[in-house]
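So the structure is just underneath, and the comments pick up after that.
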Amino acid sequence: PESIYEKARTKEGYGNGRFVRKILEEANMNIAERLYSSAPDEITEEMLTVIEAEDITEPEKGEKEERKLIGFYA
């Protein structure tokens, strides 16, 4: 199976650091959404600090698009 990284490389504007930051930001939001439905006294430190597989959003696979430039380009 193809890794998340391999899928991301085919996207327009791919950048390794940017990709990792985006994945972690989305994971944090997914953790928050998952914990929102839990009662406050049921939330553990582990639940707050561990990223689970379902917290990672896989990017859609797509072909690299041709970048459109504006202005003069040599």
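Annotations
- Shape annotation for segment 1-54: C-alpha extents along the principal axes are 43, 23, 16 Å, from largest to smallest.
- Inter-site label distance for residue 4 and residue 18 at 7 Å from Cα along Cβ, in nm: 1.8 nm
- Sorted peptide list for 42-54, 26-38, criterion being average Cβ within 10 angstrom, highest first: 26-38, 42-54
Any read-out appearing in this document is the output of simple, stated calculations on the displayed coordinates, not a laboratory observation. Because the structure is a prediction, the values reported are computed rather than measured. Quick reminder, even Gly has a Cβ in these numbers, built from the backbone with ideal geometry, and neighbours come from all protein chains shown.
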